[in-house]
Amino acid sequence: VRKSTTYRDLLDELIEMPRIRRTLALAELPTSSTLCKAFNRLDMVVWRVLLTLSATLLPTNGIVGIDASGCDRSHASKHYTKRAELTIQQLKVTLLVDAKVNAILDLHVTTTRKHDSQISPSLIKRNPESVGILLGHKGYDDQNIRRLCRQHEVRPLIKHREFTSLHRAWNARLDTDLYGQRSQSETVNSTLNRKFGAFVRSRRWRKQFWELTIACLIRNIDRSL
């Protein structure tokens with residue numbers, strides 16, 4: 001988890017580590033191409049289940065923040081992007097993060113410029129048992145989201161967009177200590193970008209999704225060690 005090296009380089013080291021291979025129950029080490037083929041056979045729902053299982057390694061408390069960040073292919077030249085027919089220029093990645101231990105509970109990846117309020121419902125529906133309080137900034141201020149939260153017995157602690165004095169009064173009454181924990185979502189996004197880079201290396205959408213999911217998996221496992 002904490003090795004800053006590629007799998008190809010790691011293979012050379014594992015050959016000299018029989019005890020670790022026995023612990024992993026690996027009589028033979030799979031090549032990188034074999035590993036990629038195995039990953040390709042996994043459906044997206046399997047990756048989500050693996051992410052959920054990794055989050056159970058940490059003592060979460062149900063106070064969950066939601067936040068989005070951008071992820072692009074800025075490291076690829078325009079010539080290469082055009083030649084390889086890479087139509088996806090930027091991804092929007094939305095994370096559900098437990099505020100206590102910074103566990104990543106779920107993620108949503110989209111290639112379109114969907115508004116935050118259009119993305120969050122699917123995350124809420126998939127994780128009603130893991131979320132007790134949902135922390136979100138004004139971009140998630142939507143009556144449908146608040147209604148959906150209450151249907152799933154989730155308390156929405158989301159700032160109101162201040163169109164009237166009533167909205168300003170509601171914001172003033174927010175539990176600032178509790179709402180302040182929303183910043184943990186931004187911290188996790190920043191940590192992922194620093195550790196794995198703010199771009200994806202894969203060329204195809206399916207691989208881009210599991211590349212991002214693996215980054216979240218590794219983050220959770222690393223936190224549990």
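The values are calculated or read from the model by the stated rules, or taken from the named source; none is laboratory data. Everything numeric in this text was worked out from a predicted model, so none of it was measured. Because the Cβ atoms are built from the backbone with ideal geometry, glycine has one as well, and the counts that use them run over all protein chains shown.
Remarks
- Here I133 meets the list (1) surrounded by 14 or more Cβ atoms within 10 Å (Cβ to Cβ); (2) within 25 Å of M44 (Cα to Cα); (3) not hydroxyl-bearing (S, T, Y) almost entirely, failing just condition (2).
- Top-ranked residue of the stretch 143-182 - restricted to ones that are among the basic types (K, R) and in contact (Cβ under 8 Å) with a residue 12 or more places away in the chain, ranked as nearest to P121 (Cα to Cα): R146
- Selection count where residues are buried (at least 17 other Cβ atoms within 10 Å of the Cβ) and either in contact with a Lys or Arg (Cβ under 6 Å, 6 or more places away or on another chain) or not hydrophobic (A, V, I, L, M, F, W, C) (or both), scope the stretch 147-162: 2
- Any hit, the stretch 166-178, residues being surrounded by 13 or more Cβ atoms within 10 Å (Cβ to Cβ) and within 29 Å of V46 (Cβ to Cβ): no
- Every residue from the stretch 200-213 that is assigned to a helix (DSSP H, G or I) and without any contact (Cβ under 8 Å) to a residue 12 or more places away in the chain: E211
- The stretch 183-199 residues that are in the same structural domain as H137 (by TED's automatic domain parsing), paired with ones that are part of a helix (DSSP H, G or I) and among the hydrophobic types (A, V, I, L, M, F, W, C) (beta carbon under 6 Å, 6 or more apart): L192/A215; F196/A215
- Residue within the stretch 159-171 that is in the same structural domain as L51 (by TED's automatic domain parsing) and closer than 14 Å to T94 by Cα present: no
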